[in-house]
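Enquirer: Below are the structure tokens for one structure; questions will follow.
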Amino acid sequence: MITVLEDMRDSVRDEGIHRAGEILKKGGLVAFPTETVYGLGADALDAGASAKIYQAKGRPSDNPLIVHIADWEAIEKITKERPWQARRLSEAFWPGPLTMILKKSDAVPYATTGGLDTVAVRMPDNPIALALIRAGGGYIAAPSANTSGRPSPTTAQHVAEDLDGEIDMIIDGGPVSIGLESTIVDLTEETPTILRPGFISQEMLQEVIGSVEMDRGLIAADSSVRPKAPGMKYRHYAPRAPLFIVEGERQKVQEKINTLTSAEHEKGRTPGVIATDETSGSYTHALVESIGSRADERSIAQHLYAILREFDRLEVSVIYSESFETPQMGPAIMNRLMKAAGHQVIHV
Ligand code: TXA
Ligand code: MG
């Protein structure tokens with residue numbers, strides 16, 4: 001079921017991508033690597049093909065898909081207008097982990113945009129993805145290739161866990177490099193607005209196009225303000241066990257987590273702890289997973305989803321996590337972790 005194309009000879013790779021492109025052109029589903037997470041691809045301009053994505057993922061039909069392109073020129077066919085910010089951001093960050101929301105043209109079916117008059121567009125930074133988009137007709141709708149609600153897949157094996165048997169092909173390009181989904185910026189508003197934080201931070205966007213806001217629905221997570229990206233309102237990335245984020249001064253966090261894990265242990269249950277390389281030795285009475293080093297925020301982003309899946313496999317009773325307010329990707333990491341935790345935070 002999984003076709004391995006990582007480190008393959010050119011001829012093998014070309015053959016695999018050609019086969020995958022033919023599947024896409026016929027309206028089928030192919031999972032493929034990007035630099036952020038694995039995507040589940042279908043022809044974005046074919047309403048029937050997009051509909052199959054929703055079915056395979058069990059995804060609510062009002063949650064729009066991102067259209068992936070491989071060349072800047074491809075954007076014209078699927079958008080009504082391209083504000084100057086779109087060109088500048090594409091020059092600065094494409095191919096890369098940035099998705100732009102623009103007004104859609106008639107070429108994009110409502111099945112792809114969840115009924116919206118806007119379309120999300122991204123050019124991923126991964127050679128297999130770019131070759132596949134071209135082979136598949138140039139416009140590939142791709143949400144993360146997980147069952148709706150589960151952590152996004154960062155390896156082909158994660159995709160297979162969720163979708164084996166449901167889709168036509170899985171291309172294995174090895175583990176992804178970033179590990180969190182792209183930053184989404186809405187360019188249909190007067191002031192460009194971040195609808196989902198990612199590797200490209202607010203500051204990085206502002207350096208290129210000036211003022212950029214954060215969607216109020218993102219900041220005020222437990223208020224009545226609805227996030228503008230329909231997908232951001234759902235509970236996501238949820239591990240099976242309840243997850244709590246423990247926030248505060250480092251020493252106090254460790255003490256609190258150890259108190260909680262020993263209480264759990266006394267009841268005969270096995271809790272899990274999400275720690276860092278710097279702290280993983282200081283926890284007791286728990287299965288401890290290090291997410292990476294605090295000195296290397298990329299490692300934290302890369303391992304978050306795999307750890308949530310690993311704790312499902314280990315069948316822990318509850319998970320306690322440190323919090324990770326890192327400089328560039330902190331907002332993105334904490335946005336995903338908070339959603340996985342259903343916003344359950346313990347302050348110490
Ligand atoms: O990194 C990524 O963006 C990955 C890889 C595969 O490219 N894709 C991804 O897609 O994360 P998905 O479907 O898991 O998340 C898409 C998000 C959802 O929250 C959705 O609501 C939002 O983008 N979105 C898509 N089109 C939109 C639109 N027209 N207006 C507002 N939000 C939109
Ligand atoms: Mg997703």
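Enquirer: Is there any pair linking a residue in the stretch 12-38 that is closer than 17 Å to Ile53 by Cα to one that is of a type in the set (Lys, Arg), with Cβ under 8 Å and at least six apart or on different chains, and which?
Expert: Pairs found: Gly21/Arg134; Gly27/Lys52; Gly28/Lys52; Leu29/Lys52.
Enquirer: Looking only at the stretch 253-274, count how many residues are more than 16 Å from Val345 (Cβ to Cβ) and not in a helix (DSSP H, G or I). Step through it out loud before you land on a result.
Expert: Looking only at the stretch 253-274, we keep the residues that are more than 16 Å from Val345 (Cβ to Cβ), and these are 254-255, 258-259, 261-272.
Cutting the leftovers down to not in a helix (DSSP H, G or I) gives us 267-272.
The total comes to 6.
Enquirer: Taking the stated definitions as given, is Thr3 at pLDDT 95 or above and either part of a loop (DSSP other than H, G, I, E, B) or on the phi < 0 side of the Ramachandran plot (or both)?
Expert: Here the answer is no, as Thr3 does not meet what is asked.
Enquirer: Quick check on this structure: which one of Gly173, Gly268, Gly217 is out of contact with any His (no Cβ under 6 Å at 6 or more places or on another chain) and at positive phi? Give the derivation first.
Expert: Details: Gly173 fails: at positive phi; Gly217 fails: at positive phi.
None of the other options fit; the residue is Gly268.
Enquirer: Something else about it: Give me a count of the residues in the stretch 43-66 that are buried (at least 20 other Cβ atoms within 10 Å of the Cβ) and either hydroxyl-bearing (Ser, Thr, Tyr) or within 21 Å of Thr155 (Cα to Cα) (or both).
Expert: Going through the stretch 43-66 one residue at a time, the tally reaches 7.
Enquirer: Say we look at the stretch 134-151 and pick out the residues that are closer than 20 Å to Phe93 by Cβ and within 11 Å of ligand 1 (Cβ to nearest atom); which of these is most open to solvent (accessible area, probe 1.4 Å)?
Expert: Top of the filtered list is Ser144.
Enquirer: Restricting the first residue to the stretch 131-149 and requiring it to be touching a residue at least 24 places away in the same chain (Cβ under 8 Å) and within 9 Å of ligand 2 (Cβ to nearest atom), which pairs with a second residue that is among the small types (Gly, Ala, Ser) and open to solvent by less than 10 Å² (accessible area, probe 1.4 Å) meet a Cβ separation below 6 Å and a spacing of at least six or different chains?
Expert: Ser144/Ser152; Ala145/Ala31; Ala145/Gly39; Asn146/Ser152
Enquirer: Go through the stretch 163-182 and give me each residue that's within 13 Å of ligand 1 (Cβ to nearest atom) and under 15 Å from the mean Cα position of the chain (by Cα).
Expert: Those that are within 13 Å of ligand 1 (Cβ to nearest atom) and under 15 Å from the mean Cα position of the chain (by Cα): Val176, Ser177, Ile178, Gly179, Leu180, Glu181, Ser182.
Enquirer: Starting from the stretch 284-297, keep only residues that are on the phi > 0 side of the Ramachandran plot, then list their pairs with residues that are open to solvent by 50 Å² or more (accessible area, probe 1.4 Å) whose Cβ atoms are within a distance under 9 Å, requiring at least 6 positions of separation or different chains.
Expert: Note: pairs meeting the criteria are His285/His265; His285/Glu266; His285/Thr270; Gly292/Asp277; Gly292/Arg298; Gly292/Gln302; Gly292/His303.
Enquirer: State all residues of the stretch 2-35 that are within 23 Å of Ile78 (Cα to Cα) and among the hydroxyl-bearing types (Ser, Thr, Tyr); if no residue qualifies, say none.
Expert: If the condition is that a residue be within 23 Å of Ile78 (Cα to Cα) and among the hydroxyl-bearing types (Ser, Thr, Tyr), then Thr34 is the only one that fits.
Enquirer: Inspect all residues belonging to the stretch 104-126 and state whether any of them is more than 22 Å from Val185 (Cα to Cα) and away from ligand 2 (no atom under 14 Å from the Cβ).
Expert: No: zero hits.
Enquirer: Sticking with this structure for a sec: Has the stretch 94-103 got any residue that is within 10 Å of ligand 1 (Cβ to nearest atom), touching a residue at least 60 places away in the same chain (Cβ under 8 Å) and more than 26 Å from Ile333 (Cα to Cα)?
Expert: Checked against the condition, which is being within 10 Å of ligand 1 (Cβ to nearest atom), touching a residue at least 60 places away in the same chain (Cβ under 8 Å) and more than 26 Å from Ile333 (Cα to Cα), the stretch 94-103 yields at least one hit.
Enquirer: Another one. Considering only residues that are open to solvent by 20 Å² or more (accessible area, probe 1.4 Å) and within 16 Å of ligand 1 (Cβ to nearest atom), look in the stretch 233-256 and name the one that is nearest to the chain's Cα centre (by Cα).
Expert: His236
Enquirer: Within the set of pairs 6+ apart or on separate chains, which have a first residue in the stretch 191-210 that is under 12 Å from Pro97 (Cα atoms) and assigned to a strand (DSSP E or B), a second that is of a type in the set (Val, Ile, Thr) and open to solvent by 10 Å² or more (accessible area, probe 1.4 Å), and C-beta atoms under 9 Å apart?
Expert: Every condition considered, the pairs that remain are Arg196/Ile184.
Enquirer: Turning to a different aspect of this structure: In the stretch 9-42, which residues are away from ligand 2 (no atom under 16 Å from the Cβ), of a type in the set (A, V, I, L, M) and either open to solvent by 10 Å² or more (accessible area, probe 1.4 Å) or in contact with a Lys or Arg (Cβ under 8 Å, 6 or more places away or on another chain) (or both)?
Expert: Passing the criteria: Val12, Ile17, Ile23.
Enquirer: Within the stretch 275-348, which strands (runs of 3 or more DSSP E) (wholly inside it) include 1 or more residues that are open to solvent by 20 Å² or more (accessible area, probe 1.4 Å)?
Expert: Counting at least 1 such residues, we get 287-290, 345-347.
The values are calculated or read from the model by the stated rules, or taken from the named source; none is laboratory data. The model shown is predicted, which means the values in this text are computed figures rather than measured ones. Glycine also receives a Cβ, built like all others from the backbone with ideal geometry; neighbour counts cover every protein chain displayed. Note: accessible area is taken over every heavy atom of the protein model, side chains too, but ligands, DNA and RNA are not part of it. Shrake-Rupley method; radii C 1.70, N 1.55, O 1.52, S 1.80 Å.
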